[in-house]
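These notes are about the structure you will find just below.
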Amino acid sequence: MPSWQGKSKGNKLGYSIFIFILRYGGVYPAYFLLRFVAFYYFLFSWSSSKPIYQYFHTKIGYGRWKSLLNLYRNYYVFGQTLIDKIVVMADMANKFTFDFDGEHHLREMVAGGRGGIMLSAHLGNWEVAGHLFKRLQTRINIVMFDGEHQRIKEYLSSITGDRNVNIIVIKDDLSHIYAINEALSNQELVCMHADRFLPGNKTVTTKLLGHDARFPMGPFLLAATFRVPVCVVFAFKETATHYHFYATEPRSYHGRRQQGVETALADFAGLLEEKIHRYPEQWFNYYDFWA
């Protein structure tokens, strides 16, 4: 069955070219070059283009030509989000503005002193706003797959510097489970995507856009096991230099563990579908999510 393989595209030369342009020209020249890069992927990256085309055509319901147009737009907006992430994390001069819708929910979660879980998805670009989570003045742990080639990671780290958060890398030896457990036991915040899994991971299934979709069980099992407050967070690019951040009211999932998992998943999938309909071109799962 097709699944995400835990690897991201790109190479060191490509990143270095864009970073040079960002330093000496700003985001708009980088966006201009990106139009050609996006068109290249649109033409020659069929392995990722086919699932996104099918997403627009069979899940969103667009016609053939509108689906193709949005396929190109999807690559272009995705490239913009990568550029924006570098700009913000490296503290480069920029004119980005943000609307923080629901930030008070996160502050309430911090003030509650119980720690909490923030769930998101590969929809939008929440990491741009995530870099600004230092406003919350609490320790934040971000759980992620170690999916980028090491040379690219090292190069980007030299540009962006140390992040203001603790990174918990998902590993085969399951050591990340103990790190997450420790963070939640210390009443810290744990952030994770809840829409991707690797082959062999336990999954749960629910409807998304009218079709069965599998989600990783881990994030929802953590929510049901620890019974800490859970927020769902997203950040969407609305103009060239403006993002809209969303955070939901915290909710705790009580009851039996399986019931808690199912309820947490249903809530997450409902919010995810709502935002997909509002920002359909910002879906960045480049594989057959519904397979």
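The values are calculated or read from the model by the stated rules, or taken from the named source; none is laboratory data. Everything quoted here is computed from the prediction, not taken from an experiment. No Cβ is skipped: glycine too gets one built from the backbone with ideal geometry, and neighbour counts run over all protein chains shown. Accessible surface is based on the protein model in full, side chains and every heavy atom, while ligands, DNA and RNA are left aside. Shrake-Rupley method; radii C 1.70, N 1.55, O 1.52, S 1.80 Å.
Among N70, N94, N74, which is surrounded by fewer than 16 Cβ atoms within 10 Å (Cβ to Cβ) and under 29 Å from P29 (Cβ atoms)?
The unique qualifying residue is N94.
In region 170-197, what residues are modelled with pLDDT under 80 and not charged (D, E, K, R)?
Hits for region 170-197 are I170, L174, S175.
Go through region 24-57 residue by residue and tally those that are over 23 Å from the mean Cα position of the chain (by Cα), in contact (Cβ under 8 Å) with a residue 24 or more places away in the chain and surrounded by 14 or more Cβ atoms within 10 Å (Cβ to Cβ).
Matching residues across region 24-57 total 1.
Is it the case that Y155 is open to solvent by 20 Å² or more (accessible area, probe 1.4 Å), closer than 27 Å to R114 by Cβ, outside any strand (DSSP E or B) and at pLDDT below 90? Spell out the reasoning first.
Numbers: open to solvent by 20 Å² or more (accessible area, probe 1.4 Å): yes; closer than 27 Å to R114 by Cβ: no; outside any strand (DSSP E or B): yes; at pLDDT below 90: yes.
The answer is no for Y155.
What number of residues within region 120-149 satisfy the criterion of being open to solvent by 70 Å² or more (accessible area, probe 1.4 Å) and either within 18 Å of A235 (Cβ to Cβ) or at pLDDT 55 or above (or both)?
5
Quick check, is G63 exposed (fewer than 14 other Cβ atoms within 10 Å of the Cβ) and without any contact (Cβ under 8 Å) to a residue 60 or more places away in the chain? Before you say what the answer is, go through the steps one by one.
Numbers: exposed (fewer than 14 other Cβ atoms within 10 Å of the Cβ): yes; without any contact (Cβ under 8 Å) to a residue 60 or more places away in the chain: yes.
Answer is yes for this residue.
Considering only region 188-291, give the strands (runs of 3 or more DSSP E) lying wholly within it that have at least 3 residues that are farther than 27 Å from A38 by Cα.
In region 188-291, 189-193, 203-208, 211-216, 230-239 are the strands (runs of 3 or more DSSP E) which contain 3 or more residues that are farther than 27 Å from A38 by Cα.
Do we have M109 as crowded, with 20+ Cβ neighbours inside 10 Å and modelled with pLDDT under 95 here?
yes
Yes or no, residue by residue, for (1) among the acidic types (D, E); (2) on the phi > 0 side of the Ramachandran plot; (3) buried (at least 19 other Cβ atoms within 10 Å of the Cβ):
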| residue | (1), (2), (3) |
| --- | --- |
| N201 | no, no, no |
| G210 | no, yes, no |
| F220 | no, no, yes |
| R227 | no, yes, no |
| A235 | no, no, yes |
| T241 | no, no, no |
| E262 | yes, no, no |
| A266 | no, no, no |
| Y287 | no, no, no |
